Amino acid sequence: MRSTVALAACDSYEDETVLSAMRKLLCLLGGAGAFAREGEKILLKPNLLAARTPERAVTTHPSVFEAAARLLAETGARLSYGDSPGTEGLRLVARKAGLSPRAERLGIPEGDFHTAVNLDFPAGRFEKSFPVAQAAAEADGIISLCKMKTHGLTRITGAVKNTFGCVAGFEKARFHLRFPNARRFAGMLTDLNLLLKPRLYIMDGVVAMEGEGPSSGDPVRMGLLLASRDPVALDAVFCRLVALDPGFVPTITEGAASGLGVFRDGEIEILGDPPERFRNPAFRVTRMPAAGDATLQALRPVRNLLIPRPVIHEEACRKCGICVKACPVAPKKALSFPGGNEKRTPVYDYSLCIRCYICHEMCPHRAIRIRTPLLGRVVSRLLRKAPEHMP
Ligand code: SF4
Ligand code: SF4
């Protein structure tokens, strides 16, 4: 099996620039008509993790959303859009991210992401039933509009992980608890992608997020859009652009193991602009195996000396309690207000913490940082790879 990934340079979020790059991407993959037909219900699934402005690079940029929407609308498909944000409502997040004004202007309604429809998936390796948002369950096709970002648990959040937002409302936290290890969590995500089968994954890499993604990292210009039918191949190309071994990304390895896609040299054909143009080996991302995979299982006795942990910066913390509410560990939380006093900074119980990093993802004030212990930093440096040869 060989997959195709298309790359198009895109220097800015200026509307015409993005539209032209998007047109080029879709042409390389057969045109918008290859992914949507007249009368079909097509759901656009951007990354709307949290209510942040587009400059923060947390969410899919509105000009990328608009460009994809315009070209797909030309097919005569009936478009809708939506996502299940972490803790806030879709309407609030879409407004802050600048998407809803564009959607309103284009006449694209918000899909129903509150109502859950249980979809069975007997073939699932890790999960056999998902509470999927009605908008995703009833769509004829899904177009994923993912964002190029780092992620504490899965190293990157790109194409495979973006589909997680099709799980309805706050059901997502339950999945983190049921799949506390990165490999199993990635396996569940793979099953979800195989169930919903988005027709196309388009990645916003014009300005990506490096460092402490997916919400507290720093914007970094990468200058491109990428697209593929294969989310595993798309994520693997992202990895190679930033000198991250795709083998460290559980959504890639589990995706390949389940037949969702491919990632090895020789299995991916690149179309469009040459990848050399976009390489950024200095991109800040954790270059070590994700917690829970075979390597770290073998190193279990020194697990806490290796695995990055969330840490709260007292001076930045506003005591809003969002992180405490978001922590899925129960009944005894891995993160709580000391003595129940909500005027004090929350504290961690690392013996209970499953390192899902949801608290870090959800903190709106960037008060939670991910800190890798010294031994982990040494191992990460040893594992840093030179950029691999692109297929
Ligand atoms: S760490 Fe962040 S989310 Fe948690 S209480 Fe402080 S400001 Fe709120
Ligand atoms: S404390 Fe944070 S990282 Fe640990 S389990 Fe809770 S939400 Fe996840």
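Assorted remarks:
- Note on region 325-342: residues that are in contact (Cβ under 8 Å) with a residue 12 or more places away in the chain and either of a type in the set (S, T, N, Q) or touching a strand residue (DSSP E or B) at 6+ places or on another chain (Cβ under 6 Å) (or both) amount to 3.
- Total residues in region 315-352, condition hydrophobic (A, V, I, L, M, F, W, C) and assigned to a loop (DSSP other than H, G, I, E, B): 9
- The residues on offer are Arg318, Arg300, and the sole one that is at pLDDT below 95, more than 10 Å from ligand 2 (Cβ to nearest atom) and over 19 Å from Leu177 (Cβ atoms) is Arg300.
Quick grid of which residues meet (1) open to solvent by 10 Å² or more (accessible area, probe 1.4 Å); (2) in the same structural domain as Leu195 (by TED's automatic domain parsing); (3) among the β-branched types (Val, Ile, Thr):
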residue: Ala133; (1), (2), (3): no, yes, no
residue: Ala137; (1), (2), (3): yes, yes, no
residue: Asp140; (1), (2), (3): yes, yes, no
residue: Lys149; (1), (2), (3): no, yes, no
residue: Thr154; (1), (2), (3): no, yes, yes
residue: Gly158; (1), (2), (3): no, yes, no
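- Only one entry in Lys24, Lys41, Lys45 is basic (Lys, Arg) and either crowded, with 23+ Cβ neighbours inside 10 Å or not assigned by TED's automatic domain parsing to the domain that holds Glu110 (or both), namely Lys45.
- Residue in region 343-385 that is nearest to Phe175 (Cα to Cα), counting only those that are within 13 Å of ligand 1 (Cβ to nearest atom), open to solvent by less than 60 Å² (accessible area, probe 1.4 Å) and without any contact (Cβ under 8 Å) to a residue 60 or more places away in the chain: Cys359
- Tally of residues being at pLDDT below 95 and out of contact with any strand residue (DSSP E or B) (no Cβ under 9 Å at 6 or more places or on another chain) across region 61-118: 5
The values are calculated or read from the model by the stated rules, or taken from the named source; none is laboratory data. Being a predicted model, the structure only gives us computed values, none of them experimental. Here the Cβ is made from the backbone with ideal geometry for all residues, glycine too, and neighbour counts use every protein chain on show. The protein model used for the area step is the full one, side chains on, heavy atoms only, and it has no ligands, DNA or RNA in it. Shrake-Rupley method; radii C 1.70, N 1.55, O 1.52, S 1.80 Å.
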